[in-house]
Amino acid sequence: MLRIALLLLVSADVGAAVSTVDIDTAAKVYQAAEVREQIRPSLVTMPARMRDMFAAGGGVKLTAAQLAAVDAAAARGFRIDVFEPPALSALAANLDPATVKRTLEFLQGDVGRRMVAADVAVARLDEQSVDRVMNGGLAAPSTPRRDALMGDLEQASKSTESTVQIFLSMGRALAVGTAIGSGTDPIAADERAQKSGEATRRDMEANLREPLRRLLAYGYRDLSDADLKQLLAFLKSKAGTRYVSAYIASQGAGFDAMGRRCGEQIGESWRELAELQAGAQEGAPEATAPAIPGTPAMPPEVPPPSATPAPH
């Protein structure tokens with residue numbers, strides 16, 4: 001929830017469950033959590049974030065034309081209509097009828113509706129405000145007991161681990177997509193991205209945990225301690241635990257699809273640019289697409305799943 005941006009399959013045991021639901025049923029949960037309203041704001045900034053990521057990664061200086069191709073590919077890849085089909089499919093595959101019933105009861109109840117409204121409000125915060133919150137410059141009043149509740153919520157929602165996992169998976173999808181589009185080896189690209197991501201996972205989690213807890217606390221500042229306890233009780237229940245895992249799988253599938261689509265279009269554009277350059281420079285060695293950057297040290301704005309996973 002809070003500020004997803006950006007994101008895969010954290011709970012393998014959920015995927016192995018026998019009972020699932022259909023897309024229409026999953027869509028009811030998706031709509032009750034207002035996932036679309038939380039995802040949309042994060043997509044607006046993705047072209048600039050992808051440009052920054054590619055400009056900084058790989059040790060290869062990109063040309064203006066190559067960076068423009070990244071902008072265009074991100075605008076085409078990071079779209080709600082690319083995100084939703086795989087996200088809904090993953091949500092349906094990881095839910096069961098009992099979980100849907102209990103989750104809808106919670107989301108449509110008083111605390112659930114106010115929680116979702118808070119998630120949407122945080123998703124719509126401008127980047128400067130988000131930075132201030134995560135850096136501690138803008139904070140909600142708190143008490144030691146409330147701080148403890150926020151820590152429990154961060155753990156029950158798997159906020160930090162899932163945010164990092166979704167981001168790393170999206171990075172791998174970008175690398176594979178770019179390799180496919182440019183005609184290079186996607187398996188080697190995937191292996192490089194995986195190795196790079198795993199090398200930084202622990203540091204990323206350590207660096208993000210406290211900032212995400214601050215964002216969680218700020219987002220839920222209007223919920224009382226009693227409200228937070230009710231939310232926590234749901235998250236720790238059998239239905240809540242499965243919902244969190246299904247939600248994370250859904251986010252991962254959606255961001256993976258967008259990352260791959262973006263990567264494929266970047267690769268295709270770079271290959272075309274290289275061919276044009278080779279043709280324009282008669283006798284010059286054939287140009288090649290720049291190396292695909294590994295996973296950057298910190299993620300672009302990927303909406304982290306918040307307490308009751310509702311994207312951002």
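The values are calculated or read from the model by the stated rules, or taken from the named source; none is laboratory data. Quantities reported herein were computed from a predicted structural model and do not represent experimental measurements. Positions of Cβ are backbone-derived with ideal geometry, glycine not excepted, and every protein chain shown enters the neighbour counts.
Annotations
- Candidates in segment 155-169 are the residues that are under 26 Å from K236 (Cβ atoms) and among the hydrophobic types (A, V, I, L, M, F, W, C); of these, the one that is modelled with the highest pLDDT is A156.
- Of all residues in segment 33-52 being of a type outside the set (A, V, I, L, M, F, W, C) and modelled with pLDDT under 90, the one that is nearest to Q277 (Cα to Cα): R51
- Evaluation of A55 against the conditions (1) assigned to a helix (DSSP H, G or I); (2) under 15 Å from the mean Cα position of the chain (by Cα); (3) at pLDDT below 80 shows that the sole unmet condition is (2).
- Here D152 fulfils each of the conditions (1) of a type in the set (D, E, K, R); (2) at pLDDT below 95; (3) exposed (fewer than 14 other Cβ atoms within 10 Å of the Cβ) apart from (3).
- Residue in segment 293-312 that is in a helix (DSSP H, G or I) and either under 17 Å from V35 (Cα atoms) or modelled with pLDDT of 95 or more (or both) present: no
- Condition check for L232: under 17 Å from T160 (Cα atoms) and either within 19 Å of the chain's Cα centre (by Cα) or not in a helix (DSSP H, G or I) (or both): no
- Residue match in segment 267-280 (condition: among the polar types (S, T, N, Q), closer than 23 Å to V35 by Cα and at pLDDT 90 or above): no
Per-residue answers, yes or no, for (1) assigned to a helix (DSSP H, G or I); (2) surrounded by fewer than 19 Cβ atoms within 10 Å (Cβ to Cβ); (3) touching a Leu at 6+ places or on another chain (Cβ under 9 Å):
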| site | (1), (2), (3) |
| --- | --- |
| R201 | yes, yes, yes |
| E210 | yes, yes, no |
| D227 | yes, yes, no |
| A239 | yes, no, no |
| G254 | yes, no, yes |
| R261 | yes, no, no |
| Q265 | yes, no, no |
| Q277 | yes, yes, no |
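- Matching option when the condition is under 28 Å from A189 (Cβ atoms), surrounded by fewer than 20 Cβ atoms within 10 Å (Cβ to Cβ), modelled with pLDDT under 95 and not polar (S, T, N, Q), among D126, D71, D81, D147: D71
- Selection from segment 214-269 of residues that are closer than 30 Å to A65 by Cβ and aliphatic (A, V, I, L, M): A257, M258, I266
- Boolean, A140 is within 20 Å of R214 (Cβ to Cβ), at pLDDT 90 or above and out of contact with any strand residue (DSSP E or B) (no Cβ under 6 Å at 6 or more places or on another chain): no
- Restricting segment 97-123 to residues that are of a type in the set (D, E, K, R) and touching an Asp or Glu at 6+ places or on another chain (Cβ under 8 Å), the residue that is farthest from V35 (Cα to Cα): R114
- Any hit, segment 162-181, residues being in a helix (DSSP H, G or I) and within 20 Å of A121 (Cα to Cα): yes
Yes/no per residue for (1) among the polar types (S, T, N, Q); (2) under 17 Å from the mean Cα position of the chain (by Cα):
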residue	(1), (2)
E127	no, yes
N135	yes, no
Q165	yes, yes
S169	yes, yes
I187	no, no
K195	no, no
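- Boolean, S89 is modelled with pLDDT of 95 or more, among the polar types (S, T, N, Q), within 30 Å of G197 (Cα to Cα) and in a helix (DSSP H, G or I): yes
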